[in-house]
Structures are given as structure tokens and as C-alpha cells.
1. Does residue 335 satisfy the condition of being small (Gly, Ala, Ser), touching a residue at least 60 places away in the same chain (Cβ under 8 Å) and under 24 Å from residue 136 (Cβ atoms)?
2. Restricting attention to the range 53-84, which residues are in a loop (DSSP other than H, G, I, E, B), closer than 12 Å to residue 397 by Cα and out of contact with any Leu (no Cβ under 7 Å at 6 or more places or on another chain)?
3. Here is a list: 189, 223. Which entry is among the acidic types (Asp, Glu), surrounded by fewer than 20 Cβ atoms within 10 Å (Cβ to Cβ) and either over 26 Å from residue 65 (Cα atoms) or at pLDDT 95 or above (or both)?
4. In the range 194-219, which residues are under 20 Å from residue 57 (Cα atoms) and of a type in the set (S, T, N, Q)?
5. Take residue 100 and decide whether it is surrounded by fewer than 20 Cβ atoms within 10 Å (Cβ to Cβ), in a loop (DSSP other than H, G, I, E, B) and in the same structural domain as residue 326 (by TED's automatic domain parsing).
6. Consider residue 410 carefully, then state whether it is farther than 28 Å from residue 113 by Cα, assigned to a loop (DSSP other than H, G, I, E, B) and charged (D, E, K, R).
7. Which residues, taken from the range 219-235, are charged (D, E, K, R) and in contact with a strand residue (DSSP E or B) (Cβ under 7 Å, 6 or more places away or on another chain)?
8. List every residue pair whose Cβ atoms lie under 8 Å apart, where the two residues are 6 or more positions apart in sequence or sit on different chains, the first residue falls within the range 237-265 and is among the basic types (Lys, Arg), and the second residue, located anywhere, is in a strand (DSSP E or B).
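The values are calculated or read from the model by the stated rules, or taken from the named source; none is laboratory data. Since this is a predicted model, take the numbers as computed values, not measurements. So basically every Cβ, Gly included, is an ideal-geometry build from the backbone, and we count neighbours across all protein chains shown.
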Amino acid sequence: MKGESRNLVKRLPRVVILGAGFAGLTAARSLSGKAKVVLVDRHNYQTFLPLLYQVATAGLAADHVAHPIRGALRKLDIDFRMGSPISIDHKNKSVKLDSSETIEFDHLVIALGSATTDFGIPGVTDHALGMKNIHEALRIRGEVMRRFEDLCRIDDGSKLTITVVGGGPTGVEMAGALAELKRGPLKLDHPSSAQRIHIRLIEAGPDLLPSLHKKLSNKTRKDLETLGVEVALNTKVAKVHPDRIDISNGESIESEITIWAAGVTGEPVMKKLSLPILNGRIEVEPTLQVVNYPHIWAIGDIAGAKGKDGRFLPMVAPVAMQQARFIATQISKLASIGKLTEFSYKDKGSMATIGRHKAVVEVGRLRLTGAIAWFAWLWLHLFYLLGGRNKIGTMADWTWNYLTFDRGNRHIMDGAEL
């Protein structure tokens with residue numbers, strides 16, 4: 001019997017998954033027991049990206065949005081390797097990592113996620129702050145708090161202007177959180193200095209949260225303005241400077257801190273893998289197989305999968321997780337009946353939080369705003385957060401923030417002061 005079990009294991013397909021974000025980790029868990037899985041990531045932890053902005057605005061401790069990958073895989077027959085891919089040997093079906101390890105596969109799943117894109121706009125890379133990982137979130141927090149200390153030290157009437165570029169969910173949530181940081185903790189710390197902080201949100205298009213209904217977009221703008229955020233629509237960035245932003249109409253606006261939330265593209269490491277790329281994503285078939293490479297799959301933000309309308313699917317966690325479960329089924333089908341199906345995304349709705357008791361939720365024709373939407377947002381994010389310790393810590397931080405109007409994570413810990 002033991003010999004038969006060993007032979008059965010050998011017959012399982014070897015699946016290597018690159019990336020342990022929402023897509024990669026979900027795929028690995030879904031394939032556990034159905035394949036011999038090796039999960040690869042450059043970090044030994046997964047970051048809960050939807051809450052990074054709260055780390056950046058002192059609402060959460062950084063370790064509350066990070067969870068050890070090995071802890072998430074505990075009791076599962078999945079191997080983990082820390083490293084980044086540097087090349088794929090298509091002939092021999094193997095991938096080489098920067099750790100010098102070469103791993104063979106029957107199926108390769110690319111789930112490397114996304115990175116901030118500057119759209120070719122000068123100065124973005126050098127002078128704007130992105131928010132795609134914990135280090136960038138801590139850098140934003142450190143820069144905001146450092147400039148606030150400057151205001152407290154030099155009482156000459158000068159102002160601090162913080163500009164968030166991009167009116168999608170990330171930009172809206174960041175601008176709202178910054179406004180509440182100013183109105184709550186910073187005002188309690190040093191009222192006159194907090195009053196000299198100006199927060200602006202600019203969007204190139206005519207609406208905030210353009211994927212949502214117009215009424216929700218308008219409600220979002222009204223809520224932000226109630227919090228004291230200046231909202232500028234139809235405002236396209238031409239160039240970013242250390243202390244200002246040039247607009248495409250020829251005007252310039254002050255901006256001592258510029259936070260870039262205007263868009264993302266597939267993780268640049270994909271360019272090393274000799275795979276077809278279309279508009280910043282890996283080109284895939286409707287089955288999620290990479291074009292011309294039936295043994296390679298792409299899922300999540302890096303995958304150029306399209307919806308029924310012919311447009312790329314949004315780079316959000318629900319898409320990634322649905323695709324992950326789908327390809328696990330696809331790989332199992334290949335091992336048995338060999339017939340594949342096409343991926344179809346089931347949109348379960350969208351949401352964004354603006355501030356205390358302020359949020360918008362859209363699920364089909366159901367549209368919620370205000371406190372009900374805010375509590376729904378809190379519950380859903382807490383539900384998907386990995387790890388009991390992280391859930392408890394996040395709930396504790398949120399409760400403290402709510403009851404005291406304070407934020408205890410206002411430390412400058414980005415290393416820039418060393």
C-alpha cells in the first residue's frame with residue numbers, strides 16, 4: 001500500500017506558482033492534494049494590499065497587514081521557496097530563481113501581481129510616492145509625519161500640501177484617511193499645525209470611482225469635500241516636481257508630498273520570462289493559458305484576461321481569487337478529461353470607504369452609502385484578512401481609533417532619519 005501511495009504522488013502534476021498574493025496563495029490552497037505544488041515569492045509574507053493605505057495613514061500597524069506564507073500553508077502539502085524568477089526554460093519546463101535554484105514543472109502559474117505605473121509622465125518615479133508594498137506605505141507615513149513635525153517646529157504660516165493622484169478606490173481611501181488623520185490625531189497633537197495641512201485629490205477623468213454608479217461617485221466627492229479634501233476632476237498630470245505638479249492645461253499646483261494612486265501595470269519581472277505581453281499584462285487565452293504556451297497560466301493583476309465587453313478585467317482581489325480557483329479546476333481537468341472551459345468573472349460588487357461612517361457599496365442594483373456601507377466594508381476586509389493575530393490586532397486598532405479619534409501608529413519608522 002505504501003508503494004502504491006508513493007506512485008500516486010509521483011503521478012500528480014508538478015505545479016509551480018510564482019507569486020503568493022491573493023491569486024497565488026488561493027491557487028496553491030485550491031491545488032493542495034491535487035498536485036505537487038511549489039509556491040514561490042520574493043517575500044516570506046503576504047501583504048493584505050487593500051489595507052496598506054491605513055498603514056500609510058497611521059491607522060494600522062504594519063505587521064497587521066502581513067502574514068507569514070509558511071503559516072498560511074501549514075498542514076498543507078505545499079512547498080515554499082523565497083525568491084524571484086529570472087528565466088523560464090520552455091523546452092525543459094523549468095524556472096530559474098535568483099536563489100540559483102531551478103524548479104521543474106508540468107504547469108507554471110504566473111501570479112506575480114502588479115506594480116505602480118507612471119504612464120510615461122516625467123517625475124513620477126523620482127518625486128511621487130507609490131503604495132504597492134509595506135515599505136512604500138511606511139515611507140508615506142514617515143514623510144507625512146516628518147513634514148508635520150516641521151510645521152510644529154517652524155511656525156511661519158507655511159502650509160503643507162499633500163496631493164493624491166488618482167480617483168479610484170485606492171486614491172479615494174487614501175485621501176479620506178489623510179483627512180481624518182489631520183482632523184483627529186494631528187489636530188489633537190498640534191492644532192495650529194494641523195490646520196496648515198491641505199489635502200487634495202486629483203483625477204484625470206470626470207468622475208471619482210468611475211466603475212461605480214454616478215450617484216455613488218457624486219456621493220463620494222461630497223463626502224470627501226465634507227472632510228476638507230479638495231477634489232479636482234478632469235485634471236491630468238503632465239509632470240511631477242519635488243514641490244509642485246504641472247497640469248496638462250499649463251497650470252502648476254503646489255504639492256510638497258505627491259502620492260501616486262493613478263494606476264498599476266503587471267509586475268515588471270514578467271519581461272524576463274519570454275512570454276507574450278499585451279498592454280502591460282501577460283497575454284492569455286480565455287482559458288487563462290498564456291498565448292502559445294498551454295502549460296503556462298497567468299492569473300490575477302498580471303493576467304490580460306478580458307470580460308464579456310472585451311476590456312481587461314479590473315486588478316482587484318475578487319478577480320484574482322476567482323481565477324485562482326478556476327485554474328485549479330482547469331489543471332485537474334487536464335489530468336482527467338483533458339477538456340477546458342473559458343473563464344467568466346462573476347462580479348460580486350465594489351466598495352470603497354471614505355471615512356468614519358462614510359463608504360459606498362454597489363452590488364448589482366443595490367447601492368449603499370453611509371454607516372451601513374461603512375460597517376459592511378469593515379466586516380468584509382476583516383473577514384478576508386489572513387491570520388487570527390492580524391484580525392485581532394486590526395480590530396483592536398480600529399476600535400481604539402474609533403473610540404478615541406486617535407491613531408497610535410504615528411511613528412516615523414521608514415529609515416530615512418538614519
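1. Answer is no for this residue.
2. Hits for the range 53-84 are 59, 61.
3. Every option except 189 fails the conditions.
4. 195
5. Against the criterion (surrounded by fewer than 20 Cβ atoms within 10 Å (Cβ to Cβ), in a loop (DSSP other than H, G, I, E, B) and in the same structural domain as residue 326 (by TED's automatic domain parsing)), residue 100 qualifies.
6. It is true that residue 410 is farther than 28 Å from residue 113 by Cα, assigned to a loop (DSSP other than H, G, I, E, B) and charged (D, E, K, R).
7. 219, 221, 223, 225, 230, listed by residue number.
8. From the range 237-265, the pairs are 239/245; 239/246; 244/252; 244/253; 244/254.
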